[in-house]
Amino acid sequence: MRWRTNVLARVAMSALFLLCMGAAQAQKRGGIMTMSHIDSPPSPSIHEEATVSVVVPFMPLFNNLIVFDQHKEQNSPDTIVPDLATKWGWDDTRTNLTFTLREGVTWHDGKPFTSADVKCTWDMVSGLTPGKLRKSPRLEWFANLKEITVNGDREVTFHLKRPQPSILMMLASGYSPVYPCHVPAATMRTKPVGTGPFKFVEYRMNEMVKVERNPNYWKKGLPYLDGIETRIIPNRATRNLGFVAGKFDLTFPTDVTVAGVKDFRDQAPAAQCKLRVIGNSNLIINRETPPFDNADVRMALNLALDHAAFNALMNGGERGIGATMLPPPDGLWGVPPEMLATFPGYGPDVAANREKARELMRKAGFGPEKRLPLKIFTRDTSTFKEPALILADHLKEIYIDAQLDIADTPMFYNRVFRKDYQVGMNATGVSLDDPDQVMFETFACGSIRNYTNYCNRELETLFDLQSREADMEKRRKMVWDIERRLAEDVARPVTYHGYQAGCWQPWVKNYSVMVNSIYNGWRFEDVWLDK
């Protein structure tokens, strides 16, 4: 067994101890931290939802087996630290991954945490015990999981069908909390129970989420805060005004535009903001509904996009043009700009691209005298609606007259899962900067989050091959080849990568922002308020 040794675990825990000791000398215990929120989470059950709206307010309730260091800006295999597991290691076949679990951890209801909880969680999430969850959006993350076995209360082994180094990245994500085996899935949707630094108090839709300090948290002395209140305010201007007035300690992590950061510097100069790429805005095209069952029409939509215009209008010209994976330097896997320019629709001559798009539309029976009416389905938040308006303007150039069809968050995802749309403007946040997460979840045949029903079995073979590859440079080139194929298939055209900020007041201490994920940094266990 090749263990990630106890030395690493001790070093990580010692570093945490020293960090906590340093913090304890300066921190002020107590206080309720307030955060603004863009909309109502569909439910508190992280394992059943597919939006950052859920992870941000509810990640503080839970722990993972392993987790990304909450104070390292870029998630990578090197930033993974112990959480409920104290050490882990592979066998010689690289298909059996064993975790040794922490002792003395209890759930919020006082029940002990054991290896059975880990097995129950991933049996549900992976579909090994089907029907336990209403839906499992990360099903494809763990499609390579053959079984989970336990050896007493403090050891658990993940048995894989083939080598997959990236499973450690997936287990470290904010989307991978351990659930209690004794609490029904239905209860986790209304009154979730975790082992984390905070306990659930209440969730009032369209109003707020409230959590309180867990006095029995296994990390002694943490958390510092008495609680966190996440206040749901649909209007961005109202949220921003509230932050400037000091009513909120933090903004929602993806809520402040490039222009908004400049405004904050004028109106609240002491506030701190961190701009980073947050994910991509993309077209979801229902490939089964005419005329979008026609490959020429789908390619015409792709060729109509002016990526530079999206980037200028939404990002103020900051870096934000890329394919599916996050563009460099924030992203570890993004296609280099010079290569990206050779992909369909990414060439710099927008006029030529659009002329080719009009040719394809005329071939499909459309033109100046027969324009295509279209409703662009999107979600009722600014990060969805604003690019949808830009898309509608671009489509006018290729004989398409588009209007917006807007739904609130629960209805949006319900309709998307039912394939009840023609063309949608979607935003995909970066839950994990790893090709396995993106490729299998977004493009694998039958994946619940493959909203467009795209299916290319030949390309899925390449997904498997890159997943096995342990050499990062070799794997990166394989990923770039897959990206080209996805662009040629118009699998899910990316319009731009959002470049936005989260901001926090000067009295919020020990808070860090991650540059290549908006899902993994919300534990808040060692944050304090100095006011």
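The values are calculated or read from the model by the stated rules, or taken from the named source; none is laboratory data. Note that the structure is a prediction, hence the values are computed from the model and not measured. Here Cβ is always computed from backbone atoms with ideal geometry, including for glycine, and neighbour counts include all displayed protein chains.
Exactly one residue out of 283, 301 is buried (at least 22 other Cβ atoms within 10 Å of the Cβ), in the same structural domain as residue 437 (by TED's automatic domain parsing), over 20 Å from residue 519 (Cα atoms) and over 23 Å from the mean Cα position of the chain (by Cα): that is 301. Of the candidates 119, 87, 72, 111, the single residue that is surrounded by fewer than 20 Cβ atoms within 10 Å (Cβ to Cβ), within 24 Å of the chain's Cα centre (by Cα) and at pLDDT 95 or above is 72. The set of residues in the range 427-462 being more than 15 Å from the chain's Cα centre (by Cα), under 10 Å from residue 140 (Cβ atoms) and part of a helix (DSSP H, G or I) consists of 443 alone. Which one is modelled with the lowest pLDDT among residues in the range 344-401 that are assigned to a loop (DSSP other than H, G, I, E, B) and over 16 Å from residue 297 (Cβ atoms)? Top of the filtered list is 381. For the range 154-170, filtering for residues that are in a strand (DSSP E or B) and of a type in the set (Val, Ile, Thr) leaves 2. Looking across 199, 220, one residue alone is within 22 Å of residue 526 (Cα to Cα) and without any contact (Cβ under 8 Å) to a residue 24 or more places away in the chain. It is 220.
Applying the set (1) within 22 Å of the chain's Cα centre (by Cα); (2) of a type outside the set (Phe, Trp, Tyr); (3) at pLDDT below 95 to residue 237 leaves exactly one unmet item: (1).
Among the residues in the range 391-406, are any in contact (Cβ under 8 Å) with a residue 24 or more places away in the chain and within 17 Å of residue 53 (Cβ to Cβ)?
Just the residues of the range 391-406 that are in contact (Cβ under 8 Å) with a residue 24 or more places away in the chain, to begin with: 391, 394-395, 397-406.
Remaining after also requiring within 17 Å of residue 53 (Cβ to Cβ): 406.
Checking the range 391-406: at least one residue is in contact (Cβ under 8 Å) with a residue 24 or more places away in the chain and within 17 Å of residue 53 (Cβ to Cβ).
Within the range 314-343, can you find the residues that are farther than 26 Å from residue 471 by Cβ and in a loop (DSSP other than H, G, I, E, B)?
Filtering the range 314-343 down to residues farther than 26 Å from residue 471 by Cβ leaves 314-321, 341.
Passing the criteria: 316, 317, 318, 319, 320, 321, 341.
Note on the range 206-253: among residues that are under 21 Å from residue 62 (Cβ atoms) and of a type in the set (S, T, N, Q), the one that is surrounded by the most Cβ atoms within 10 Å (Cβ to Cβ) is 230.
Every listed requirement among (1) under 26 Å from residue 74 (Cα atoms); (2) free of Cβ contacts under 8 Å to residues at least 40 places away in the same chain; (3) not polar (S, T, N, Q) is met by residue 252 save one, (2).
Within the range 189-208, does at least one residue satisfy the condition of being over 25 Å from the mean Cα position of the chain (by Cα), among the aliphatic types (A, V, I, L, M) and at pLDDT 95 or above?
Narrowing the range 189-208 to residues over 25 Å from the mean Cα position of the chain (by Cα): none.
No, there is no match, as no residue in the range 189-208 is over 25 Å from the mean Cα position of the chain (by Cα), among the aliphatic types (A, V, I, L, M) and at pLDDT 95 or above.
Which ones in the range 181-203 are aliphatic (A, V, I, L, M) and either assigned to a strand (DSSP E or B) or within 19 Å of residue 65 (Cβ to Cβ) (or both)? If the condition is that a residue be aliphatic (A, V, I, L, M) and either assigned to a strand (DSSP E or B) or within 19 Å of residue 65 (Cβ to Cβ) (or both), then 183, 188, 193, 201 are the ones that fit. Pairs linking a residue in the range 455-466 that is closer than 15 Å to residue 492 by Cβ to a residue that is among the charged types (D, E, K, R) and part of a loop (DSSP other than H, G, I, E, B), with Cβ atoms under 8 Å and 6 or more positions apart or on different chains, are 456/489; 459/489.
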